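S.K.: Shown below is the structure under consideration.
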Amino acid sequence: SGTVVLAATPIGNTADASSRLIALLERADIVAAEDTRRLFDLANRLGVHVSGKVVAYHDHNERDKSDGLLDAVETGATVLVVSDAGMPTINDPGLAIVRRAIERGLPVTCAPGPSAVLDALALSGLPTDRFCYEGFLPRKHSERLQHLRALRGERRTIVWYEAPHRIAEAMDDIEQVFGATRKMALCRELTKDYEEVRRGTVGEIRQSVVDTPPRGEIVLVVDGASREEAEQAAPESLGVEELAALAI
Ligand code: SAM
């Protein structure tokens, strides 16, 4: 049979495209792209001719489309899955075809590359040995507070994606729940010309967001709770490690 290949695409800097991605774009029999227009735009910037069939594969159709794509894999096709930017499946389409491929016993592999989570984590200066990725912060204030409170005792470094128009209210809530003195980093426009990493306490970053509103794409990285903070947090907000310790 053929193979499903998940491939990471640049998150801003076109030069981050790997030679493996380029070869796959040129040779894959089918390219399943989150947004076909953006795929052709990337191919143009890379000077690549996409020879295979290009199909739209996004959040709204990935369940329906997966089996058809896997039928092609079964008959020998290489199906390349790409999202608009970064790693497919990370707050992007891709998981449905991975699951179905596993169920059907068909090969899946990955051509890894840029992803904003790891880029921000590495640049944050915060501990990287253990971290948790929490996707996008909830949009609604009450849900965001509830989400943050559940993470109050989390010992691992925490990573979130956030939109620029919600960053001020998100920082207010982060300060309210985690306090002003926790360390954090706000990473913006990673790999692009205006890349910026603001590092400081939660209070300092909250103030900086008021003084100089950050534009563009943003990742927030917040230090985990100290042992004391974790112990003070209510049991329902304890992290995995603390729950495990309680169970002993
Ligand atoms: N699959 C992607 C990945 O692996 O990073 C994430 C897709 S998610 C829909 C898009 C979000 O990722 C943006 O709203 C932003 O929070 C974050 N992001 C993507 N590119 C970024 C960049 N260059 N700089 C900072 N954040 C970025």
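S.K.: Would you point out the residue of region 219-248, among those that are modelled with pLDDT of 95 or more and in contact with a helix residue (DSSP H, G or I) (Cβ under 6 Å, 6 or more places away or on another chain), that is farthest from Thr181 (Cα to Cα)?
M.R.: Taking the candidates together, the pick is Val219.
S.K.: Check region 162-172 and report whether any residue there is crowded, with 17+ Cβ neighbours inside 10 Å and touching a Ser or Thr at 6+ places or on another chain (Cβ under 7 Å).
M.R.: no
S.K.: Cβ-Cβ distance below 6 Å, separation of 6 or more or different chains: which pairs start in region 213-225 with a residue that is on the phi > 0 side of the Ramachandran plot and end on one that is within 14 Å of the ligand (Cβ to nearest atom) and among the basic types (Lys, Arg)?
M.R.: Gly216/Arg188
S.K.: Any chance region 66-74 includes a residue that's closer than 29 Å to Lys192 by Cβ and more than 14 Å from the ligand (Cβ to nearest atom)? Before you say what the answer is, go through the steps one by one.
M.R.: Within region 66-74, the subset closer than 29 Å to Lys192 by Cβ is none.
No: region 66-74 contains no residue that is closer than 29 Å to Lys192 by Cβ and more than 14 Å from the ligand (Cβ to nearest atom).
S.K.: If we scan region 62-72, do we find a residue that is part of a loop (DSSP other than H, G, I, E, B) and in contact with a strand residue (DSSP E or B) (Cβ under 7 Å, 6 or more places away or on another chain)? Can you show your working first?
M.R.: If we filter region 62-72 for residues that are part of a loop (DSSP other than H, G, I, E, B), which is where we start, we get none.
No - not one qualifying residue is present in region 62-72.
S.K.: Now, a different point. Can you name the residue in region 125-164 that is free of Cβ contacts under 8 Å to residues at least 12 places away in the same chain, more than 18 Å from Ala230 (Cα to Cα) and part of a helix (DSSP H, G or I) and is also farthest from the chain's Cα centre (by Cα) among such residues?
M.R.: My answer is Ser142.
S.K.: Another question, then. Is there a residue in region 163-174 that is out of contact with any Pro (no Cβ under 6 Å at 6 or more places or on another chain), farther than 28 Å from Thr14 by Cα and more than 16 Å from the ligand (Cβ to nearest atom)?
M.R.: So far as region 163-174 goes, yes, one or more of its residues are out of contact with any Pro (no Cβ under 6 Å at 6 or more places or on another chain), farther than 28 Å from Thr14 by Cα and more than 16 Å from the ligand (Cβ to nearest atom).
S.K.: If you take the residues in region 196-210 that are outside any helix (DSSP H, G or I) and touching a residue at least 40 places away in the same chain (Cβ under 8 Å), which one is farthest from Gly86 (Cα to Cα)?
M.R.: Among those residues, the one meeting the criterion is Arg199.
S.K.: Only residues that are within 16 Å of the ligand (Cβ to nearest atom) and either more than 15 Å from Val81 (Cβ to Cβ) or over 17 Å from the mean Cα position of the chain (by Cα) (or both): list them for region 6-32, please.
M.R.: Hits for region 6-32 are Pro10, Ile11, Gly12, Asn13, Thr14, Ala15, Asp16, Ala17, Ser18, Leu21, Ala32.
S.K.: Please verify whether region 127-136 includes one or more residues that are near the ligand (Cβ under 10 Å from one of its atoms), more than 16 Å from Val31 (Cβ to Cβ), hydroxyl-bearing (Ser, Thr, Tyr) and at pLDDT 95 or above.
M.R.: yes
S.K.: Being among the aliphatic types (A, V, I, L, M), modelled with pLDDT of 95 or more and not in a strand (DSSP E or B): is that true of Val50 here? Working first, answer last.
M.R.: Numbers: among the aliphatic types (A, V, I, L, M): yes; modelled with pLDDT of 95 or more: yes; not in a strand (DSSP E or B): yes.
Judged against the criteria, Val50 is a match.
S.K.: For region 77-124, how many residues are more than 9 Å from the ligand (Cβ to nearest atom), surrounded by fewer than 17 Cβ atoms within 10 Å (Cβ to Cβ) and either part of a loop (DSSP other than H, G, I, E, B) or basic (Lys, Arg) (or both)?
M.R.: 5
The values are calculated or read from the model by the stated rules, or taken from the named source; none is laboratory data. This structure is a prediction, so every number in the text was calculated from the model and none was measured. Glycine also receives a Cβ, built like all others from the backbone with ideal geometry; neighbour counts cover every protein chain displayed.
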